Ligand SMILES: Nc1nc2c(ncn2[C@@H]2O[C@H](COP(=O)(O)OP(=O)(O)OP(=O)(O)O)[C@@H](O)[C@H]2O)c(=O)[nH]1
Ligand SMILES: [Mg+2]
């Protein structure tokens, strides 16, 4: 069993280990640059829940209270009751049966359990953008007020632009004061056209016309920003359904992606939001998790994936355009545990 004196040495030892595609621990001195950049960005966010898992293992010695504390810790980071209990119970059973022998085994088992949750849905899709007959690839961003939809629309636009795609933004938040100016400012900053109409225009009409705009201008990717809405406001949810029907009619297909934007700082509330959006919007294709830099509560994402089997597609941990990453379960877990 390890004591506090040598705990640093085994944590250092783990720095050299990672999960391979078969979910096994392998030596990994040749980390690719994506892992490194995600790693670096997360390491600099000291308030992050990710950072604190490692701290827990540094602070606590394996004794009778260890498992109780571990469960408490996971609950504190908002992993939710179901995930926290099932992971810790499973680890405890393996420990009692001598399958896991010390802190290092437990640390790796926790890493593996969390990876399995994140890897449950199909996460690592290739980005395939086909614009047939000048039909744009359509991404609709939805979520409650202030979660970061507009900022994310700009980050996504920048991301696709850097992949060599022609991109346009559709300003379908015609409701909130200064929403149109906000998205136009982003468009100017990243030199991407923003299709907009007057405040108060029916958002569906903005979407309808922005698809024509995209077709005329041979746009590959059309990113549609929407007004924030309280998930409890059913009329606004109906409005989203209408937006989707307009896209379906115009494109004779579903939007390619309907991404639910969740603010990691909202903790358990994100779970309720996901539940309600899921109940009413059948075409959600993934989650974008924002503001991971500002919270110790990001563990909620594990509960959400466990319950809804929905993939996280991207995450952000800052306000800058570059604080935005395509989500990869393996990289993400490496960032937590390295
Ligand atoms: N720290 C941090 N701030 C972020 C991140 N993403 C967005 N923000 C900030 O969150 C605030 C709200 O962002 P918006 O993009 O306006 O959010 P929204 O969902 O469009 O808001 P509404 O249109 O009012 O519903 C802004 O101050 C953003 O700069 C992030 O990853 N980290
Ligand atoms: Mg907005």
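The values are calculated or read from the model by the stated rules, or taken from the named source; none is laboratory data. Worth saying up front: this structure is predicted, and the values here are computed from it rather than measured. FYI the Cβ positions are ideal-geometry reconstructions off the backbone, even for glycines, and counts take in every protein chain you see.
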| task | Please enumerate the residues belonging to the range 284-310 that are within 20 Å of residue 87 (Cα to Cα) and either in contact with a strand residue (DSSP E or B) (Cβ under 9 Å, 6 or more places away or on another chain) or assigned to a helix (DSSP H, G or I) (or both). | result | 298, 300, 301, 302, 303, 304, 305, 306, 307, 308, 310
| field | Selection from the range 173-202 of residues that are part of a loop (DSSP other than H, G, I, E, B) and exposed (fewer than 13 other Cβ atoms within 10 Å of the Cβ) | value | 177, 178, 191, 198, 200
| task | Please work out if residue 294 is within 20 Å of residue 77 (Cβ to Cβ), within 13 Å of ligand 1 (Cβ to nearest atom) and crowded, with 18+ Cβ neighbours inside 10 Å. | result | no
| task | Kindly provide the set of residues from the range 135-153 that are more than 10 Å from ligand 2 (Cβ to nearest atom) and in contact with a helix residue (DSSP H, G or I) (Cβ under 8 Å, 6 or more places away or on another chain), ordered by number. | result | 135, 136, 138, 139, 140, 142, 144
| request: Take residue 221 and decide whether it is touching a strand residue (DSSP E or B) at 6+ places or on another chain (Cβ under 8 Å) and over 21 Å from residue 288 (Cα atoms). | output: no
| note | Reported set for the range 175-202 where residues are in contact with a helix residue (DSSP H, G or I) (Cβ under 9 Å, 6 or more places away or on another chain) and within 11 Å of ligand 2 (Cβ to nearest atom) is 175, 176, 179, 182, 183, 186
| task | Residue by residue through the range 256-273, note down the ones that are under 19 Å from residue 74 (Cβ atoms) and in a helix (DSSP H, G or I). | result | 264, 265, 266, 268, 269, 270, 271
| query | Which of (1) within 15 Å of ligand 1 (Cβ to nearest atom); (2) part of a helix (DSSP H, G or I); (3) surrounded by fewer than 22 Cβ atoms within 10 Å (Cβ to Cβ) does residue 249 not meet, given it meets every other one? | reply | (1)
| note | Among the residues of the range 252-267, the number that are within 15 Å of the chain's Cα centre (by Cα) and either over 16 Å from residue 153 (Cα atoms) or away from ligand 1 (no atom under 16 Å from the Cβ) (or both) is 5
| request: Determine, yes or no, whether residue 303 is away from ligand 1 (no atom under 14 Å from the Cβ), crowded, with 19+ Cβ neighbours inside 10 Å and more than 12 Å from the chain's Cα centre (by Cα). | output: yes
| note | Of the residues in the range 203-240, those that are surrounded by 18 or more Cβ atoms within 10 Å (Cβ to Cβ), in a loop (DSSP other than H, G, I, E, B) and away from ligand 2 (no atom under 16 Å from the Cβ) come to 219, 220
| query | Regarding residue 193, is this residue more than 16 Å from ligand 1 (Cβ to nearest atom), in contact with a strand residue (DSSP E or B) (Cβ under 6 Å, 6 or more places away or on another chain) and in contact (Cβ under 8 Å) with a residue 60 or more places away in the chain? | reply | no
| task | Please indicate, with yes or no, whether at least one residue in the range 209-224 is out of contact with any helix residue (DSSP H, G or I) (no Cβ under 9 Å at 6 or more places or on another chain) and under 19 Å from residue 175 (Cα atoms). | result | yes
| When you go through (1) within 14 Å of ligand 1 (Cβ to nearest atom); (2) modelled with pLDDT of 95 or more one by one for residue 212, which number turns out not to apply? | (1)
